[in-house]
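What follows is a single structure, written as structure tokens, with notes after it.
The values are calculated or read from the model by the stated rules, or taken from the named source; none is laboratory data. If you're wondering where the values come from, they're calculated on a predicted model, not measured in any experiment. So basically every Cβ, Gly included, is an ideal-geometry build from the backbone, and we count neighbours across all protein chains shown.
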Amino acid sequence: GQQLNQSPQSMFIQEGEDVSMNCTSSSIFNTWLWYKQDPGEGPVLLIALYKAGELTSNGRLTAQFGITRKDSFLNISASIPSDVGIYFCAGPLNHGGSQGNLIFGKGTKLSVKP
Amino acid sequence: GAVVSQHPSRVICKSGTSVKIECRSLDFQATTMFWYRQFPKQSLMLMATSNEGSKATYEQGVEKDKFLINHASLTLSTLTVTSAHPEDSSFYICSAKRADEQFFGPGTRLTVL
């Protein structure tokens with residue numbers, strides 16, 4: 001079945017450093033989504049990518065949709081303490097329908113040291 | 001806009017009892033809502049798709065008789081965990097679909113003693 005492999009599992013960085021995480025799949029995705037989840041909360045959408053090769057920014061966040069449509073990366077520049085959380089990549093499950101059911105990666109836990 | 005709420009935020013119940021969790025889209029109507037389960041330090045796993053006015057669609061391995069879903073209106077879906085057991089303890093998160101985007105609720109922490 002479809003799977004999203006996310007790496008790294010966790011990162012410990014110093015405030016101000018840049019961060020990069022990625023997501024790969026053995027199958028093609030037509031949409032890549034990046035979410036952030038704070039402890040005890042639901043995920044919040046950061047960036048949505050809809051086209052192979054697309055590079056999209058949201059403030060200090062930048063994400064790219066890989067040309068092969070089997071991978072995506074998320075970069076965070078100049079990290080700050082509030083960037084702490086778990087970052088998930090996600091994409092639509094291939095059910096043949098159009099309901100947009102999502103499959104999530106296992107997440108990258110980011111810790112930022114002030 | 002696009003706010004989704006869940007109630008309760010956390011619940012503790014005894015083994016064998018049933019628990020109902022509500023998911024509401026506060027400022028938009030959602031024909032489709034989704035229910036996810038997240039175990040500690042794990043990812044979100046889709047349990048079922050809730051369709052207003054019709055039966056829910058369950059993912060493989062999710063017991064429909066144990067996890068009852070009702071989507072009686074365009075702003076409310078409920079998940080009832082029947083005869084709960086300790087292994088059902090988890091973080092349950094709903095989402096509501098508007099256009100092509102899903103908006104997630106804050107989650108409900110269920111602990112079964």
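Structural remarks
- Subset tally (residues that are in contact (Cβ under 8 Å) with a residue 60 or more places away in the chain, surrounded by 13 or more Cβ atoms within 10 Å (Cβ to Cβ) and not charged (D, E, K, R)) for region A:11-21: 4
- Selection within region A:70-108 - more than 11 Å from the chain's Cα centre (by Cα) and either at pLDDT below 90 or facing another protein chain (nearest Cβ under 10 Å) (or both): A:92, A:93, A:94, A:95, A:96, A:97, A:98, A:99, A:100, A:101, A:102, A:103
- Among residues of region B:8-20 that are closer than 12 Å to residue B:111 by Cβ, those with a beta-carbon under 6 Å from a residue that is among the basic types (Lys, Arg) at least six positions away or on a different chain give the pairs B:10/B:109.
- Just so you know, in region A:38-57 the residues that are more than 14 Å from chain B (Cβ to nearest Cβ) and part of a strand (DSSP E or B) include one that is farthest from residue A:27 (Cα to Cα), and it is A:57.
- Answer from B:32, B:111 - the residue that is within 14 Å of chain A (Cβ to nearest Cβ) and within 23 Å of residue A:105 (Cβ to Cβ): B:32
- Unmet requirement for residue B:51, which otherwise passes all of (1) of a type in the set (S, T, N, Q); (2) at pLDDT below 95; (3) in contact with a Leu (Cβ under 8 Å, 6 or more places away or on another chain): (3)
- Any hit, region A:60-69, residues being under 30 Å from residue B:25 (Cα atoms) and in a loop (DSSP other than H, G, I, E, B): yes
- Residue in region B:83-100 that is at pLDDT 95 or above, buried (at least 22 other Cβ atoms within 10 Å of the Cβ) and either more than 13 Å from chain A (Cβ to nearest Cβ) or over 21 Å from residue A:45 (Cα atoms) (or both) present: yes
- Region B:19-71 holds strands (runs of 3 or more DSSP E) entirely within its bounds, and those carrying 2 or more residues that are among the hydroxyl-bearing types (Ser, Thr, Tyr) and under 14 Å from the mean Cα position of the chain (by Cα) map to B:32-38, B:44-51.
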